[in-house]
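The values are calculated or read from the model by the stated rules, or taken from the named source; none is laboratory data. Model, not experiment: these values are computed from the prediction. To get the accessible areas, we keep the full protein, side chains included, count just its heavy atoms, and leave off ligands, DNA and RNA. Shrake-Rupley method; radii C 1.70, N 1.55, O 1.52, S 1.80 Å.
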Amino acid sequence: MRQSFLRKVKNYLSLLRFFTFKKKKRFVYVAIGDSTVAGVGASHSSRSYPALIFENLRQKYSNAQYYNFGKSGDRTKHLILEQLPKVLELKPDLVTISIGVNDIRGRVKLKNFEKDLTYLVETIQNEIGSKIIINNIPDFSILPTLPIYVRLASRLLIYRFNKSIDKISSKFELTLVDIFRVSKEHFQNWQEYICEDGYHPSDAGYAIWANAIIPNL
């Protein structure tokens, strides 16, 4: 009887270790941000840059899970109100953030943007400790589809907002991907990398975006 009982206990502990191990192997990736995260301009959602990142992650984590909460028009405050609660619930291993363009377009004050972004990343780090990869704002001021006066005003604002992103990234030791630099490097072929709306990336543009992030995974 004693041996039978000990055998059952041993089997139970083995099963417990097995399922604990399986649970630790789960890898969750969450993408939050604006229309670029949602993949606006891509031919299909599978061609967005977060989806391409996920395809890379699946090669390393066979049971990886992926959630994309990107939404067109969202500013940083919308991420806090609508996307952050979902992130905290999922407790992901990796979070990618792309935000700022709509803050500029919506004339959000720089100090408010910086305050919101600080709260966003600080909450994620303190609550769940996810690895955070954030990109700065691409240089959309170089797009010839924008009126000249918009381009000139945007250039200065992009510079200021990217300085804030850089400062916050350094403070919280985030992984910062310089999409601003990448966008300028590929400007000569902008017709290939920008979709028909003249503003959002195309499939090729999102592929470049993903390739800039993937080495940092």
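Work out from phi, with θ = phi - 60° and the Karplus expression 6.51 cos²θ - 1.76 cosθ + 1.60, the ³J(HN,Hα) of each residue of the stretch 141-148, listed in order in whole Hz, and give x for Gly and Pro.
5, 8, 5, x, 6, 8, x, 4
Where the accessible area of the stretch 31-156 is counted over protein heavy atoms with a 1.4 Å probe, how much of it, in %, is carbon and sulfur?
On the way: 2970 of 6020 Å².
Roughly 49 percent, rounded to a whole number.
Taking only protein heavy atoms and a 1.4 Å probe, what accessible area per residue, in Å², does the stretch 28-166 have with all protein chains in place? Can you show the working numbers first?
Working: 6560 Å² over 139 residues.
That works out to 47 Å² per residue.
Once a ≥ b ≥ c are taken as the square roots of the eigenvalues of the Cα gyration tensor of the stretch 140-217, is the result rounded (a/c under 1.5), prolate (a/b larger than b/c) or oblate (a/b not larger than b/c)? Numbers along the way, then the final one.
Numbers: a/c = 2.94, a/b = 1.24, b/c = 2.38.
Verdict is oblate for the stretch 140-217.
Please report the antiparallel percentage of the DSSP beta bridges confined to the chain, to the nearest 5.
On the way: 1 of 17 bridges.
About 5 percent, rounded to the nearest 5.
Using a 1.4 angstrom probe on the protein heavy atoms only, could you order E185, E114 from most to least accessible area?
Numbers: E185 110, E114 45 Å².
Largest accessible area first, the list is E185, E114.
What base-10 log of the normalised intensity I(q)/I(0) is obtained for the stretch 90-191 from the Debye formula, alpha carbons as equal point scatterers, at q = 0.18 Å⁻¹?
Taken in order of the listed q values, log10 I(q)/I(0) reads -0.87.
How are the C-alpha pair distances of the stretch 78-136 spread across 10 Å bins, as whole percents from the shortest bin up?
Using 10 Å bins, I get a P(r) of 21, 57, 21, 2 for the stretch 78-136.
Rounded, prolate or oblate: which one fits the stretch 18-119, using the alpha carbon gyration tensor with axes a ≥ b ≥ c (rounded when a/c is under 1.5, else prolate when a/b beats b/c, else oblate)? Walk me through the numbers on the way to the answer.
Working: a/c = 3.17, a/b = 1.63, b/c = 1.95.
Taking the square roots of the gyration eigenvalues as a ≥ b ≥ c, the stretch 18-119 is oblate.
Can you give me the solvent accessible area of L81 with a 1.4 Å probe, rounded to the nearest 10 Å²?
We get 120 Å² for L81.
With n ≥ 4 as the cut-off for DSSP H runs, can you work out [θ] at 222 nm for the chain, using -39500 (n - 2.57) per run divided by the number of residues, rounded to the nearest 500?
Taking each H run of at least 4 residues, the total per residue is -16500 deg cm²/dmol.
Of the listed values (i) 87, 35, 25; (ii) 40, 37, 28; (iii) 68, 44, 40, identify the label whose number matches Cα extents along the principal axes in Å calculated from this model.
(i)
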